[in-house]
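Notes follow once the structure below has been shown.
Readers should treat all values here as calculations from the given coordinates under stated rules, not as data from a laboratory. Computed from a predicted model, the values in this text were never measured in an experiment. Please note: Cβ atoms are built from the backbone with ideal geometry, for glycine as well, and neighbour counts cover all protein chains shown.
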């Protein structure tokens with residue numbers, strides 16, 4: 001930065017280059033940030049678990065979110081039980097080993113999660129996992 005001063009003025013810093021750099025960084029982070037993660041669902045509070053493992057390989061995983069009120073969200077859209085079963089059956093026909101992660105809200109009734117697990121079993125998908133957050 002160049003400090004300019006006249007004899008009758010106070011010395012001043014030219015902040016224009018620094019502001020340009022800040023705006024360039026802002027644009028970089030906006031472009032580099034992922035705004036939509038298929039596993040995330042707004043409004044789901046997962047329960048904590050002290051044990052468990054993180055999947056090592058990425059496959060065509062099915063992620064099912066169960067909200068507190070029992071709504072089932074698959075791929076970002078709410079689905080009825082019959083539509084869920086049909087979707088799971090088509091996935092089982094492609095690959096019966098397709099992993100399914102059920103992310104039930106920590107305050108939802110257990111019956112809602114069991115209903116989704118039952119639909120997976122009826123469809124022929126048995127590679128199930130329950131989504132949690134890492135606890136103490």
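Kirkwood radius and radius of gyration were both taken over the C-alpha atoms of the range 48-134, and their ratio Rg/Rh is 0.95. Site pair residue 90 and residue 49 shows an inter-label distance of 2.8 nm when each label is modelled 7 Å from Cα along Cα→Cβ.
Note: relative contact order over the range 48-134, using C-alpha pairs below 8 Å and six or more positions apart, is 37 percent. Pop the C-beta distance of residue 8 and residue 33 into the FRET formula with R0 = 35 Å and round what comes out to the nearest 0.05. Computed FRET efficiency for residue 8 and residue 33 comes out at 0.15.
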